[in-house]
Structure formats: structure tokens, C-alpha cells
Amino acid sequence: MSTRSEALAQRIEDGAEALAAYAQGLSDAQWRSTVPPDGRQVGVIVHHVASMYPIEIHLASELASGKRVEGVTWDVVAEINAKHAREHAGVGKHEAITLLRQNSQAAAKAVRAIGDEQLDRAAPVSLNADAPLTTQFFIEDHALRHSWHHLAKIKAALQRL
């Protein structure tokens, strides 16, 4: 295992655990509060982060193997997010936090298996205007950042209540 892969994996775990710990302490009303600007409920967002790990890691694995990421656009992401929000509107706290912990651990395990050469490999990514991104950047910008990003949005929304 590479030192870089271990550091990335640890940061994925840290972010997921920070989100899980914060979410665990929320009241039912806070869990159902909406987060601007997209209007999804806190619980739906926690479940969303959990649900995206497998997709994010799959795409990172594609880059690690030298394959380009095609067909992933912000419109596609918006459709995935909207569908997820509809399907999981009433998600329970225990279910979402359990999935968050499970999927973040699986993501971290997959990242730990990526070597330095693979982390440095770059290929075009359709989500980013076909810019040739490295696997490491993609991991940092998606699987790693995702929980931190939404945790900050959730905290900001709940402070306004």
C-alpha cells in the first residue's frame, strides 16, 4: 500500500465519520430540514453521500486503469441526485448513517489498493470538460471532498434555523 493511498483513504474515512457523527446528534426536525439551495432534506443528503461512494470509486478506478470517463455530465449528476431524492425522501437516520459508514469503508479500502503510479495516471473526464485529471485529483475532488462539502452545507443550513 502506498503512503499516498493510505492518506487519501484515511481522509475519506475521517470525512465520512465527521458527517456521521454530526448527523447522529440531529433531532428528527433537523434531520428533515431542507438544505439550500437545492432543497433536499438533511437525511436525504447524508444518504446521497453514502450512495455516491460506489460510483465515485468506480470512476476513480477507471482513471487508475487509464480509461477516460465519458458520459458523465453535470446534467446527468443532477438527474441522479433528483431521482435519489425522490426515492429516499423518508430515509431514516440509522439507515443512512449505516450506509454512509459501510460505503465509506469500502471506498477507503478500494483507494488503499491504488498504487502511486495509478494515482498519477491522468485521462479525460467528461464531468470536467474532458480535462485530463489524475486519479488522485479525482479521488480528492469527489469521494474525499463530498462528505466535507455536504457537512458544511448542512451545518450552515441548520445554523439559520
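Annotation: of all residues in region 104-124 being in contact (Cβ under 8 Å) with a residue 60 or more places away in the chain and under 27 Å from His88 (Cβ atoms), the one that is surrounded by the fewest Cβ atoms within 10 Å (Cβ to Cβ) is Lys109. Within region 137-159, can one find any residue that is over 16 Å from Val72 (Cα atoms) and outside any helix (DSSP H, G or I)? Scanning region 137-159, I find no residue that is over 16 Å from Val72 (Cα atoms) and outside any helix (DSSP H, G or I), so the answer is no. Restricted to helices (runs of 4 or more DSSP H) entirely inside region 1-78, those with at least 3 residues that are closer than 28 Å to Ala129 by Cα, modelled with pLDDT of 95 or more and among the hydroxyl-bearing types (Ser, Thr, Tyr) are 42-64.
From the list Leu127, Leu100, the one residue that fits, being free of Cβ contacts under 8 Å to residues at least 60 places away in the same chain and in a helix (DSSP H, G or I), is Leu127. Each residue in region 10-56 was checked for being over 15 Å from Trp148 (Cβ atoms) and of a type outside the set (D, E, K, R), and 20 pass. Contact map, region 67-83: first residue touching a residue at least 40 places away in the same chain (Cβ under 8 Å), second residue aromatic (Phe, Trp, Tyr) and not in a loop (DSSP other than H, G, I, E, B), Cβ cut-off under 9 Å, separation 6 or more or different chains; pairs are Val69/Phe138.
The values are calculated or read from the model by the stated rules, or taken from the named source; none is laboratory data. Here the structure is a predicted model, which is why all the values come from computation and not from measurement. We place every Cβ from the backbone using ideal geometry, glycine too, and count neighbours over all the protein chains shown.
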